[in-house]
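Colleague: Pasting a structure here, questions to come.
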Amino acid sequence: MKKPKLIQAALITISITILLGLFAKMQTIQPQEVAYDPYSKTQYIDDIKQVINTFKGGSEKKIASLVKYPLSMSYPVPDINNKEEFIGRFDEVFDETILDKIAASTIDDWDTVGWRGIMFDLGMVWLDYDGLIKGINYETSIAKKIQKDLIEKERATLHISVQEFMEPYHHVYIDNDIVRVDKMLDDSFRLVIWKDKDTAQQPDIVISNGVIEFQGSGGGASYLFKDKDYTYDFGDPYIGSKADPAIPSLSIYEGDELIYRGNSK
């Protein structure tokens, strides 16, 4: 008759042993560390809200205070260098369409995109991680007209042999040379180089049928031009966003050997 009590006692002992073992194991388990994500959108919600609310208010002066200068404009329109210029040229940057779109946006319409910043509407507007507007990929009708007029004025300054193009992409100074990349009517690209001379003179190098090659997720691109054994690589580090514009460069290869590299001034 004592056996049930012995069995009961044994079961209790086993249960206690198991529980103690589980408790000891739990004591040794360390809490898992959550990896810190510097680009998590939750950290920048207040900055995004500030931008949205500022646009709802509609004050040009307050919007100007949220811009990172200089603000890049589409070539050949001059960049906007400070708040005063921004207010004076406000209608070049924003019209009712984009103002209303930003003002009506919600947090869900904005996303962090790694080191590139905070993006609105697939890159229409970019913020840096201080909550400042650093890039706008939108052209008002006023900006388009200004750009068109400036393109025609610039076209007249070029040598007649290179005045035909659809859209100018770059016109930079590298060392003592002027290097220009134009988009042509057939969607190819043309490279023009003047060696230490004015653009009204005959250019030294003209290479047509260039192609564009995109470089990964960073937004960079290369315009590649072939001339016999030589390849001219015009590097445009941040194409497409106008955010944090970097310095364009020209690299020249003979075969696979780099024989020249220069950065724009």
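The values are calculated or read from the model by the stated rules, or taken from the named source; none is laboratory data. For clarity, every value in this text was computed on a predicted model and none was experimentally measured. Positions of Cβ are generated from backbone atoms using ideal geometry, with glycine treated the same way; all protein chains shown enter the neighbour counts.
Colleague: Within the stretch 124-141, is even one residue in contact (Cβ under 8 Å) with a residue 40 or more places away in the chain, within 17 Å of Gln50 (Cβ to Cβ) and among the acidic types (Asp, Glu)?
Modeller: Yes; the residues of the stretch 124-141 include at least one that is in contact (Cβ under 8 Å) with a residue 40 or more places away in the chain, within 17 Å of Gln50 (Cβ to Cβ) and among the acidic types (Asp, Glu).
Colleague: Which numbered condition trips up Ile52, out of (1) of a type in the set (Val, Ile, Thr); (2) under 18 Å from Asp130 (Cα atoms); (3) free of Cβ contacts under 8 Å to residues at least 24 places away in the same chain?
Modeller: All conditions are met except number (3).
Colleague: Could you say whether any residue in the stretch 204-215 is farther than 24 Å from Gly255 by Cβ, among the aliphatic types (A, V, I, L, M) and not assigned by TED's automatic domain parsing to the domain that holds Gly135?
Modeller: Here is the first cut: in the stretch 204-215, the ones farther than 24 Å from Gly255 by Cβ are none.
Checked against the condition, which is being farther than 24 Å from Gly255 by Cβ, among the aliphatic types (A, V, I, L, M) and not assigned by TED's automatic domain parsing to the domain that holds Gly135, the stretch 204-215 yields no hits at all.
Colleague: Next question, about the same structure. Name the helices (runs of 4 or more DSSP H) wholly inside the stretch 84-162 in which the number of residues that are surrounded by 15 or more Cβ atoms within 10 Å (Cβ to Cβ) and in contact with a Lys or Arg (Cβ under 6 Å, 6 or more places away or on another chain) is 1 or more. Reasoning before the result, please.
Modeller: On the way: elements: 90-93, 96-103, 141-157.
Where helices (runs of 4 or more DSSP H) fall fully within the stretch 84-162 and carry at least 1 residues being surrounded by 15 or more Cβ atoms within 10 Å (Cβ to Cβ) and in contact with a Lys or Arg (Cβ under 6 Å, 6 or more places away or on another chain), they are 96-103.
Colleague: Given the criterion at pLDDT below 95 and part of a helix (DSSP H, G or I), identify the matching residue among Lys5, Lys61. First the steps, then the outcome.
Modeller: Working: Lys61 fails: at pLDDT below 95.
Going through Lys5, Lys61 in turn, the sole match is Lys5.
Colleague: Residues being in contact with a Gly (Cβ under 9 Å, 6 or more places away or on another chain) and not hydrophobic (A, V, I, L, M, F, W, C): count how many of those fall in the stretch 62-98.
Modeller: Within the stretch 62-98, residues that are in contact with a Gly (Cβ under 9 Å, 6 or more places away or on another chain) and not hydrophobic (A, V, I, L, M, F, W, C) number 2.
Colleague: Kindly check whether there is at least one residue in the stretch 145-158 that is within 18 Å of Ile48 (Cα to Cα) and in contact (Cβ under 8 Å) with a residue 40 or more places away in the chain.
Modeller: no
Colleague: Give Asp149, Asp108, Asp79 a once-over and let me know the one that is of a type outside the set (Phe, Trp, Tyr) and farther than 30 Å from Leu191 by Cα.
Modeller: On the way: Asp149 fails: farther than 30 Å from Leu191 by Cα; Asp79 fails: farther than 30 Å from Leu191 by Cα.
Selected residue: Asp108, the only one of Asp149, Asp108, Asp79 that is of a type outside the set (Phe, Trp, Tyr) and farther than 30 Å from Leu191 by Cα.
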